[in-house]
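The next block holds one structure in the form of structure tokens; read it before the comments.
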Amino acid sequence: MAEKKSSPVVQKETSKSYDIFSKDNYLWMLGGIAIIAIGFFLMAGGKSNDPNVFNEREVYSTTRITVAPLLIILGLVVLMFAIFRKPKG
């Protein structure tokens, strides 16, 4: 007696792959990274040509001590917003 071999059942994939983030989320992330990069750029510097001379105004400027860290924190907040923002639709 011959046995009838059954063919394997092919299941259709009904699950769709959804992107975690939308294009808007990626744009917000890019903006946050750009703000952080600007903050680090503003924080850099303070090098003196003569190592024996300490220029206090250059090292402790308002840009390096206040503005740059605030920009970095703002960039991190924008990144958090971009991650937690629900995509439209």
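The values are calculated or read from the model by the stated rules, or taken from the named source; none is laboratory data. What you see is a predicted model, and the numbers here were worked out from it, not measured in a lab. So basically every Cβ, Gly included, is an ideal-geometry build from the backbone, and we count neighbours across all protein chains shown. Quick note on the areas: whole protein, heavy atoms, side chains included, nothing else; ligands and nucleic acids left out. Shrake-Rupley method; radii C 1.70, N 1.55, O 1.52, S 1.80 Å.
A few remarks follow.
- Scanning the range 8-24 turns up one or more residues that are part of a helix (DSSP H, G or I) and at pLDDT below 95.
- The range 31-42 residues that are over 14 Å from T66 (Cα atoms) and modelled with pLDDT under 95, paired with ones that are open to solvent by less than 50 Å² (accessible area, probe 1.4 Å) and hydrophobic (A, V, I, L, M, F, W, C) (beta carbon under 8 Å, 6 or more apart): none
- Residue count for the range 32-58 under the criterion of being in contact with a helix residue (DSSP H, G or I) (Cβ under 9 Å, 6 or more places away or on another chain) and either open to solvent by less than 60 Å² (accessible area, probe 1.4 Å) or not β-branched (V, I, T) (or both): the result is 16.
- In the set (1) in contact (Cβ under 8 Å) with a residue 12 or more places away in the chain; (2) outside any helix (DSSP H, G or I), I83 fails one condition alone, (2).
- Of the set (1) in contact with a Ser or Thr (Cβ under 7 Å, 6 or more places away or on another chain); (2) surrounded by 11 or more Cβ atoms within 10 Å (Cβ to Cβ), all apply to L79 but (1).
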